[in-house]
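Peer 1: Let me give you the structure first, and then I'll get to my questions.
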Amino acid sequence: MSDIFSFNGARNAGWSQPEPILSDPEVLGTIPSSMLRASPPAWPRASEPELVRHYTWLSRRNFGIDTGFYPLGSCTMKHNPRVNERIVNLPGIDRMHPLQPEHQIQGILSIFYEMQEMLAICSGMDQVTLQPVAGAQGEFTAMRCIQEFHRERGEGHRNKVIVPDSAHGTNPASASMCGYEIIEIPSGEDGRIDLDALQSVVGDDTAAMMITNPSTLGVFEPDIASASEIVHSAGGQMYYDGANFNAIIGKTDPGLMGFDAVHYNLHKTFSQPHGGGGPGSGPIGVKKHLSKYLPSPLASRRKIIESDPEGVGDGYWYSWISPENTIGKVQQWHGNAGAVVRCWAFYRRYGRELERMSEHAVLNANYLRFKIMNPEKDVLSKIHAMPTDGAPTDFVMHEFTLSMIGMKDKVGVTGKDIAKRLLDYGVMAPTLYFPMIVPECLMIEPTETESKEVLDKFAADFLNVLSEDPELIKGAPYTTDVSRVDEVWAARNLILRHPGNNSDVN
Ligand SMILES: *Cc1c(COP(=O)(O)O)cnc(C)c1O
């Protein structure tokens with residue numbers, strides 16, 4: 001199979017296009033000459049079968065949840081049920097336009113409304129917007145709402161946001177995009193919040209604290225209500241990073257823990273092809289005092305008593321936040337509508353049993369951790385289960401971290417080497433070197449959609465890798481299309497343009 005960019009000759013193209021608009025001199029005159037190409041773009045010209053083969057070939061060079069176990073901690077790569085795709089492709093959903101009159105789009109508006117309500121209920125919040133399209137964008141949106149809240153109360157001087165050292169990198173990044181200064185607090189030995197450290201940094205300049213629970217170490221923080229109280233009594237707001245929502249749905253909620261604002265990574269918690277191309281969805285939920293700052297429109301449910309012009313009574317409608325209050329839009333309409341519909345389909349499939357999802361996610365993580373950490377396997381000298389060293393009876397939530405520092409010290413095999421070697425066993429590498437407080441960290445999240453057989457096989461493969469020749473491990477992977485890449489080079493020398501497309505236009 002050859003690269004599609006080499007299909008550049010006089011072959012038949014698998015597409016047809018109308019005559020270029022530029023053949024009309026009147027149109028041509030309206031475009032500044034600096035923006036005109038000197039020559040046509042050198043697009044690949046492939047027939048339909050060639051095109052299909054190209055993309056199929058490309059997809060098989062990659063690793064995906066559809067080709068193998070994908071225990072990528074924090075990112076929650078669960079199976080994407082195919083029923084989601086059937087539903088999102090229904091013409092009554094797929095062919096809608098947001099500017100159609102509301103009475104024509106009742107179906108999709110009801111889905112948006114239900115999703116908002118369901119997320120609000122699960123998280124103990126009062127109002128949800130579906131607009132942000134990633135967790136990171138949700139963080140930014142919510143932090144802007146918090147900022148407006150402080151400003152309106154005459155407390156715009158609050159300029160510091162507190163994050164624990166185990167936080168995901170997007171937390172400090174989103175806060176600093178709002179202009180906040182980041183205060184990092186260290187975790188205790190056991191990976192939990194150090195309340196004294198928190199108390200010592202809060203003050204009348206505290207805008208908010210951003211934290212996820214369970215933490216990125218997979219540990220539930222039982223002192224979270226006390227942390228909320230410390231931040232609130234200093235006048236700050238509590239922000240919940242909902243990337244780990246998969247562990248707690250139906251069992252507890254961020255509202256009960258004292259949070260004021262939350263983001264949900266719908267693409268993680270409720271399935272949706274994501275990572276390396278799939279669109280995400282990062283709705284946010286807020287308590288009442290923050291809801292007037294949200295982006296709009298929101299989907300709402302209204303009963304029209306008077307006869308209304310469209311002749312529709314009870315139904316679903318857009319509602320708009322007053323322009324003086326809203327922080328403005330972060331995306332159009334309801335963000336990635338398709339991702340929202342897929343996630344809605346996923347949660348409707350569980351219905352009232354949604355908490356089973358969290359139960360099984362937590363059960364799978366603990367089972368896998370126990371299989372790997374069981375002292376009979378004699379691996380404790382090579383790896384550590386962080387944050388506590390190795391005791392297999394310790395309870396984790398939906399994910400866990402392992403430190404490969406023992407292996408590195410003994411035989412020079414790093415966490416990265418182990419991760420690369422796992423690719424040869426047909427499984428995706430776990431998350432590497434995150435959270436940064438665990439040396440040589442591997443972070444494993446099996447999710448609830450994997451069977452016991454898959455977990456047993458992974459545990460066996462993992463333990464097998466640990467007993468392999470260190471030199472073999474250091475050279476892995478051997479079975480993938482591409483072996484080790486120079487990530488720094490790749491990041492510094494990004495090639496984003498079609499190679500044949502070196503025209504005069506930038
Ligand atoms: C994934 C993740 C985020 C960011 O979410 P995106 O949807 O990738 O932008 C934030 N925090 C944690 C803990 C995460 O795992």
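Peer 1: At a threshold of 8 angstrom on Cα-Cα distance, excluding pairs fewer than six apart, so keeping six or more, what relative contact order does region 84-353 reach in percent?
Peer 2: 27
Peer 1: What does the C-alpha gyration tensor say about the overall shape of region 449-497? Classify as rounded when a/c is under 1.5, otherwise prolate if a/b is larger than b/c, or oblate.
Peer 2: oblate
Peer 1: Okay, moving on. Evaluate the charge dipole of region 355-490 about its Cα centre and quote only its size in Debye, nearest 20, assuming +1 on the Cβ of each Lys and Arg and -1 on the Cβ of each Asp and Glu.
Peer 2: With Lys and Arg at +1 and Asp and Glu at -1, about 200 debye.
Peer 1: So for the chain, taking the charge dipole from beta-carbon charges (+1 Lys/Arg, -1 Asp/Glu), which of Ala225, Val262, Trp320 sits furthest toward the positive end?
Peer 2: Value: Trp320.
Peer 1: At 1.4 Å probe size, put Thr67, Thr449, Thr431 in order of accessible surface, largest to smallest.
Peer 2: Descending accessible area places them as Thr67, Thr449, Thr431.
Peer 1: Follow-up. In what sequence, highest mean first, do 319-328, 149-158, 110-119, 190-199 appear when ranked by Cβ atoms within 10 angstrom?
Peer 2: My ranking of the peptides, most packed first, is 110-119, 190-199, 149-158, 319-328.
Peer 1: Which shape class, rounded, prolate or oblate, goes with region 61-172 when its Cα gyration tensor gives a ≥ b ≥ c as root eigenvalues, a/c under 1.5 marks rounded, and past that a/b bigger than b/c marks prolate?
Peer 2: It comes out oblate by the Cα gyration axes.
Peer 1: Classify the chain: rounded, prolate or oblate, from the alpha-carbon gyration tensor (a ≥ b ≥ c, eigenvalue square roots; a/c under 1.5 rounded; otherwise prolate if a/b is larger than b/c)?
Peer 2: oblate
Peer 1: May I ask which residue of Gly29, Trp489, Asn84 lies farthest towards the positive end of the charge dipole of the chain, with charges of +1 (Lys, Arg) and -1 (Asp, Glu) on Cβ and the Cα centre as origin?
Peer 2: So the residue furthest toward the plus end is Gly29.
Peer 1: Too long at a 30 Å Cα-Cα cut-off: which of Lys160/Lys408; Lys416/Lys452; Lys78/Lys292?
Peer 2: The answer is Lys160/Lys408; Lys78/Lys292.
Peer 1: Using a 1.4 angstrom probe, figure out how much accessible area the chain has per residue, in square angstrom, rounded to the nearest whole.
Peer 2: Values: 24240 Å² over 506 residues.
Normalised by residue count, the accessible surface of the chain is 48 Å².
Peer 1: Another question about this same structure. Just tell me which aspartates and glutamates come within less than 18 Å, Cα to Cα, of Lys410; anything on the same chain fewer than 8 places away is out.
Peer 2: Asp378, Asp389, Glu440, Glu468, Asp469, Glu471
Peer 1: Choose one of Tyr347, Ile182, Leu99: the residue whose Cα lies farthest towards the positive end of the charge dipole of the chain (beta-carbon charges +1 Lys, Arg; -1 Asp, Glu; about the Cα centre).
Peer 2: Positive-most Cα among the choices belongs to Leu99.
Peer 1: Moving on to the next point. When the chain is fully extended, how far beyond the present Cα-Cα distance does Asp205 get from Ser233, taking 0.36 nm per residue of separation?
Peer 2: Working it through step by step, the gained length comes to 8.8 nm.
Peer 1: Using the Cα centre of the chain as the reference point, and only Cβ charges (+1 on K/R, -1 on D/E), how large is the resulting charge dipole? Debye, rounded to the nearest 20.
Peer 2: Computed about the Cα centre, the dipole is about 1100 debye.
Peer 1: Size of the dipole of region 142-282 about the Cα centre, Lys and Arg at +1 and Asp and Glu at -1 on the beta carbon, nothing else charged, in debye to 20? Provide the component values of the computation, followed by the final result.
Peer 2: Values: 8 positive and 18 negative charges, 118 e Å.
Magnitude of the dipole: close to 560 debye.
Peer 1: I'd like the antiparallel share, as a percent to the nearest 5, of DSSP beta bridges with both residues in the chain.
Peer 2: Rounded to the nearest five, the antiparallel share is 60 percent.
Peer 1: Here is a further query. Please work out how much accessible surface Arg144 shows to a 1.4 Å probe, ignoring ligands, DNA and RNA, in Å² rounded to 10.
Peer 2: Solvent-accessible area, nearest 10 Å²: 50 Å².
Peer 1: Per the 1.4 Å probe, what fraction of the accessible area of region 84-353, in percent, lies on carbon and sulfur atoms? Please list the in-between numbers first.
Peer 2: Working: 5450 of 10940 Å².
That fraction is 50 percent.
Peer 1: While we're here: Quick one: order Lys288, Lys408, Lys78, Lys251 from most to least accessible surface, probe 1.4 Å.
Peer 2: From most accessible down to least: Lys288, Lys251, Lys408, Lys78.
Peer 1: OK, next. In region 46-88, which residues have a backbone nitrogen under 17 Å from the label point lying 7 Å from Ser16's Cα in the Cα-to-Cβ direction?
Peer 2: Only 46-49 fall inside the zone, counting backbone N under 17 Å.
Peer 1: When Lys and Arg each count +1 and Asp and Glu each count -1, what net charge do the other residues less than 10 Å away from Glu440, Cβ to Cβ, add up to?
Peer 2: Numbers: positive: Lys408, Lys416; negative: Asp409, Asp417.
Local charge sum for Glu440: 0.
Peer 1: In addition: Would you kindly find the accessible area of Leu28, with a 1.4 Å probe and non-protein molecules such as ligands, DNA and RNA excluded, rounding to the nearest 10 Å²?
Peer 2: 70
Peer 1: At q = 0.08 Å⁻¹, what is the log10 ratio I(q)/I(0) for region 84-353, with the Debye formula run over Cα points and no solvent?
Peer 2: Reported log10 I(q)/I(0), two decimals: -0.33.
Peer 1: Ignoring everything except DSSP H segments at least 4 long, calculate the 222 nm mean residue ellipticity for the chain; use -39,500 (n - 2.57) per segment, divide by total residues, nearest 500. It would help to have the intermediate numbers written out before the result.
Peer 2: On the way: 19 runs with 179 residues, N = 506.
The per-residue figure over the chain is -10000 deg cm²/dmol.
Peer 1: Let me ask something else about it. With r defined as the distance between the Cβ atoms of Glu189 and Val411 and R0 fixed at 25 Å, what FRET efficiency is calculated, to the nearest 0.05?
Peer 2: So the FRET efficiency works out to roughly 0.40.
Peer 1: Given a 1.4 Å probe and heavy atoms of the protein chains only, how would you sort Tyr425, Tyr70, largest accessible area at the top?
Peer 2: The residues order as Tyr425, Tyr70, largest area first.
Peer 1: Net charge around Asp223, counting only other residues with Cβ within less than 14 Å of its Cβ (Lys, Arg = +1; Asp, Glu = -1)?
Peer 2: On the way: positive: Arg192; negative: Asp190, Asp194, Asp196, Glu221, Glu229.
Once all neighbours under 14 Å are counted, the net charge is -4.
Peer 1: Just need log10 I(q)/I(0) for region 355-490 at q = 0.15, 0.16 Å⁻¹, Debye formula, equal scatterers on the alpha-carbon atoms, no solvent, rounded to two decimals.
Peer 2: With one equal scatterer per Cα and no solvent, log10 I(q)/I(0) is -0.71, -0.81.
The values are calculated or read from the model by the stated rules, or taken from the named source; none is laboratory data. These figures come from a predicted structure and were not determined experimentally. Cβ coordinates were reconstructed from backbone atoms using ideal geometry, including for glycine residues, and neighbour counts include every protein chain displayed. When the accessible area is computed, the model is the full protein with side chains, heavy atoms only, and any ligands, DNA or RNA have been set aside. Shrake-Rupley method; radii C 1.70, N 1.55, O 1.52, S 1.80 Å.
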